[in-house]
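The values are calculated or read from the model by the stated rules, or taken from the named source; none is laboratory data. Keep in mind the model is a prediction, meaning the values are calculated, not measured. Every residue, glycine among them, receives a Cβ derived from its backbone with ideal geometry; neighbour counts consider all protein chains shown.
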Amino acid sequence: MNLVGTLTPLEVWVVALGLVVIYTDWRYHKIYNWATFPSILGGWGLQLWLWREGGKLVRHGLAGFAVGIALTIVPFALGLLYAGDVKYLAAVGALTNPGFVVWTVLYGGVCHGILSLILLRREQLLIAFKNIGRFFYRRAILQMPVDFQAESEGTLPYGISLALGSFLTLGFRLYYGAYFPLWAN
């Protein structure tokens with residue numbers, strides 16, 4: 001294996017936080033404050049302690065925190081994400097930088113789609129597509145509010161997908177030297 005980079009202490013923290021989030025979100029469907037808030041404050045504190053390059057790390061952590069919240073606040077307001085997902089992404093941003101957070105969200109979305117398809121059995125997949133079709137038919141064609149009950153059940157916590165997205169982002173940075181493999185030298 002030809003690694004381009006090494007893990008920084010902040011990235012080790014991201015991995016540890018991701019593992020905690022995967023466990024708690026899968027088991028309890030919660031991302032706890034005891035995991036996110038110390039990560040936010042600890043990320044900023046560790047960046048202050050590692051102060052170099054004129055405070056570049058601290059600025060990246062503050063900007064990453066802001067981008068993490070900005071990318072998730074609208075889905076949270078629409079009820080698509082929970083507060084724990086917002087806090088988790090803000091913590092990842094506080095520990096890393098804005099670019100890392102953006103790629104984490106993108107890879108997390110891809111992971112969520114793949115995991116959803118894996119967890120759905122064939123019958124459930126057909127019901128899910130039927131629900132989606134019914135939603136768009138009522139909303140777009142009939143211009144009616146959507147008031148039907150979905151026939152399928154079950155959830156896949158989004159925090160798990162975001163954690164996997166952060167692992168992919170970190171893995172690509174370590175292996176290729178860039179967050180997106182096609183941009184690597």
Search result, residues across the stretch 27-51 that are surrounded by 13 or more Cβ atoms within 10 Å (Cβ to Cβ) and hydrophobic (A, V, I, L, M, F, W, C): Ile31, Ala35, Phe37, Ile40, Trp44, Leu46, Leu50
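So, in the stretch 91-102, how many residues would count as being under 14 Å from Leu46 (Cα atoms) and surrounded by fewer than 24 Cβ atoms within 10 Å (Cβ to Cβ)?
Start the filter on the stretch 91-102 by keeping residues that are under 14 Å from Leu46 (Cα atoms), which leaves 91-97.
Subset that is surrounded by fewer than 24 Cβ atoms within 10 Å (Cβ to Cβ): 97.
Of the residues in the stretch 91-102, 1 are under 14 Å from Leu46 (Cα atoms) and surrounded by fewer than 24 Cβ atoms within 10 Å (Cβ to Cβ).
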Answer residue from the stretch 103-156, given it is under 25 Å from the mean Cα position of the chain (by Cα) and exposed (fewer than 10 other Cβ atoms within 10 Å of the Cβ) and is modelled with the lowest pLDDT among those: Glu153
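Gly93: more than 16 Å from Val21 (Cα to Cα) and of a type outside the set (Ser, Thr, Tyr), yes or no? Outline the logic, then answer.
Values: more than 16 Å from Val21 (Cα to Cα): no; of a type outside the set (Ser, Thr, Tyr): yes.
Criteria not met by Gly93.
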The stretch 83-141, residues that are in contact with a Phe, Trp or Tyr (Cβ under 8 Å, 6 or more places away or on another chain) and of a type in the set (Asp, Glu): Asp85
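Is one or more of the residues making up the stretch 69-77 over 16 Å from the mean Cα position of the chain (by Cα), surrounded by 18 or more Cβ atoms within 10 Å (Cβ to Cβ) and either in a helix (DSSP H, G or I) or at pLDDT below 95 (or both)?
no
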